[in-house]
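See below for the structure under consideration.
The values are calculated or read from the model by the stated rules, or taken from the named source; none is laboratory data. Predicted, not measured: the structure shown is a model, and the values here were computed from it. Virtual Cβ from ideal backbone geometry, glycine too; neighbours counted across all protein chains shown.
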Amino acid sequence: MAFATAAMTACAVAGEPNYKVTVNFPDDSNDDAMAYIVDFDSGELVDSTIVTGGKAVFSGNISVPAMSRISVDGGRGPMFILEQADITVDGQNGKPTGGTLNGRMESIAAQMDSIVALYKSLPQDSASVARGEELEAEYMAIPKKAFAENIDNPIGLYFFLQNAYEMDLETLDGQLKKYPSLASSKRVGKLRDALVAKKETFVGGKYKDFEITYNGKTSKLSDYVGKGKYTLVDFWASWCGPCIREISTIKNLYNEYHEKGLDVLGVAVWDEPANTEAAISQHQIPWPVIINAQTIPTDLYGISGIPCIILFDPEGNIVSRDQQGENLVRDVTAAMNK
């Protein structure tokens, strides 16, 4: 209740409303639930209302357009651009209509969809290879053009972020120097902080300690790392498909090298403790797991995606990071065969 009250207070701006957002749900199953508009960049609540009759209707004032998301009872709903307009959002397919920027975003999406459709319609023969490459180039050019033409609005930020998570620190800093307005983005700021942390904890760096308390027990990374053995640390979550798939690789390494001096530690991040415990039981994970770590280690190590697997040497130095599958097997095998 306090959460909802704070949200409604925050959006109570004097003057006539300059936006109206209507979210149409396919049925009345969400009725009486609290719905929110959440700022995509900052994560802050912008507006709130109660779903009634299969609809969530918001109205208020906004001075600067913002990429936003609809959230119902904490769930992740469709995205749209909140701007000074009468906007309708389809609660099923997520498509927004209304507003200059939403129209522009829809046009960009339609261009990309049309190229995908052409690509899929190509005959599966050697003669179509060249045309396929042309279509791929056309497809990749659309978001670049959209970014360049919308650097001063949420569309530009959105398309910048599509590539930003693949950049290293030097590349990102180069882009921020070229486009200084991006530096005001909280997501970009967090990404840069993560890249700084990642650079400090990459191969050749020393482990950074952290401690997590869960169910009255406090666990530290230093309880396991730097104790005279190689230690493979898996940052994972129960809902993460790639994390679950990688468990079999780690199990094989554990079975082969544990008796020869390899320890394994799991660190559950971004996950509900009950779900973590269920996954540990379901997948029969034999190594210790630090539960309910949430964002503490991921902020410290600059982890923006999981699984993130780090191999520490007996002194706690990082000798491998961000490897999976055959590459992870290669690095662990090389370390254990020294």
Open item on the list: Taking the criterion of being in contact (Cβ under 8 Å) with a residue 24 or more places away in the chain, under 30 Å from GLU166 (Cβ atoms) and either hydrophobic (A, V, I, L, M, F, W, C) or in contact with a Lys or Arg (Cβ under 9 Å, 6 or more places away or on another chain) (or both), would at least one residue in the range 254-262 satisfy it?
Closed with: no
Task: Checklist (1) among the small types (Gly, Ala, Ser); (2) touching a Phe, Trp or Tyr at 6+ places or on another chain (Cβ under 7 Å); (3) within 30 Å of ALA197 (Cα to Cα) applied to GLY132, failing item - done: (3)
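Condition check ((1) touching a residue at least 12 places away in the same chain (Cβ under 8 Å); (2) over 23 Å from ALA56 (Cβ atoms)) across all residues:
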position: PHE80; (1), (2): yes, no
position: ALA85; (1), (2): yes, no
position: THR88; (1), (2): yes, no
position: LYS95; (1), (2): yes, no
position: SER107; (1), (2): no, yes
position: ILE115; (1), (2): yes, yes
position: GLN124; (1), (2): no, yes
TODO: Using the structure shown, decide if ALA183 is surrounded by 18 or more Cβ atoms within 10 Å (Cβ to Cβ), small (Gly, Ala, Ser) and either under 23 Å from the mean Cα position of the chain (by Cα) or assigned to a helix (DSSP H, G or I) (or both).
DONE: no
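One line per residue, one yes/no per condition, for (1) modelled with pLDDT of 95 or more; (2) closer than 23 Å to ASP209 by Cα; (3) not in a strand (DSSP E or B):
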residue: ILE244; (1), (2), (3): yes, no, yes
residue: ILE247; (1), (2), (3): yes, no, yes
residue: GLN284; (1), (2), (3): yes, no, yes
residue: ASN292; (1), (2), (3): yes, yes, yes
residue: ILE306; (1), (2), (3): yes, yes, yes
residue: SER320; (1), (2), (3): yes, yes, no
residue: GLN323; (1), (2), (3): yes, yes, yes
- [ ] State all residues of the range 89-106 that are surrounded by 18 or more Cβ atoms within 10 Å (Cβ to Cβ) and either touching a Lys or Arg at 6+ places or on another chain (Cβ under 9 Å) or not in a strand (DSSP E or B) (or both); if no residue qualifies, say none.
- [x] VAL89, GLY91, GLY98, GLY99, LEU101, ASN102, MET105
Open item on the list: Here are the criteria: (1) over 28 Å from GLU83 (Cβ atoms); (2) assigned to a helix (DSSP H, G or I); (3) more than 23 Å from the chain's Cα centre (by Cα). Tell me which single one VAL196 does not satisfy.
Closed with: (3)
TODO: Mind listing whichever residues of the range 17-37 are surrounded by fewer than 21 Cβ atoms within 10 Å (Cβ to Cβ), touching a residue at least 12 places away in the same chain (Cβ under 8 Å) and either on the phi < 0 side of the Ramachandran plot or not assigned by TED's automatic domain parsing to the domain that holds GLU83 (or both)?
DONE: PRO17, ASN18, LYS20, THR22, ASN24, PRO26, ASP27, ASP28, ASP31, ALA33, MET34
Task: the range 210-222 residues that are assigned by TED's automatic domain parsing to the domain that holds ASN292, paired with ones that are assigned to a strand (DSSP E or B) and among the acidic types (Asp, Glu) (beta carbon under 8 Å, 6 or more apart) - done: THR218/GLU211; SER219/GLU211; LYS220/GLU211; LEU221/GLU211
Task: Conditions (1) of a type outside the set (A, V, I, L, M); (2) touching a helix residue (DSSP H, G or I) at 6+ places or on another chain (Cβ under 9 Å); (3) at pLDDT 95 or above: number failed by ARG330 - done: (2)
Task: Given (1) under 18 Å from GLY43 (Cα atoms); (2) surrounded by 19 or more Cβ atoms within 10 Å (Cβ to Cβ); (3) not basic (Lys, Arg), index of the condition VAL225 fails - done: (1)
TODO: Only residues in the range 139-165 that are in a helix (DSSP H, G or I) count as the first member; pair them with residues that are exposed (fewer than 13 other Cβ atoms within 10 Å of the Cβ) and among the basic types (Lys, Arg), Cβ under 8 angstrom, at least 6 apart or cross-chain, and list the lot.
DONE: PHE159/LYS144
TODO: Only residues that are among the aromatic types (Phe, Trp, Tyr), part of a strand (DSSP E or B) and over 23 Å from the mean Cα position of the chain (by Cα): list them for the range 200-236, please.
DONE: TYR214, TYR230
TODO: Give me a count of the residues in the range 14-34 that are within 17 Å of ASN93 (Cα to Cα), under 26 Å from the mean Cα position of the chain (by Cα) and part of a strand (DSSP E or B).
DONE: 2
TODO: Quick one: SER59 ticks every box in (1) assigned to a strand (DSSP E or B); (2) without any contact (Cβ under 8 Å) to a residue 12 or more places away in the chain except a single one, so which number is it?
DONE: (2)
Open item on the list: Could you check the range 277-313 and list, in sequence order, the residues that are within 23 Å of the chain's Cα centre (by Cα) and on the phi > 0 side of the Ramachandran plot?
Closed with: ASN292, GLN294, GLY302
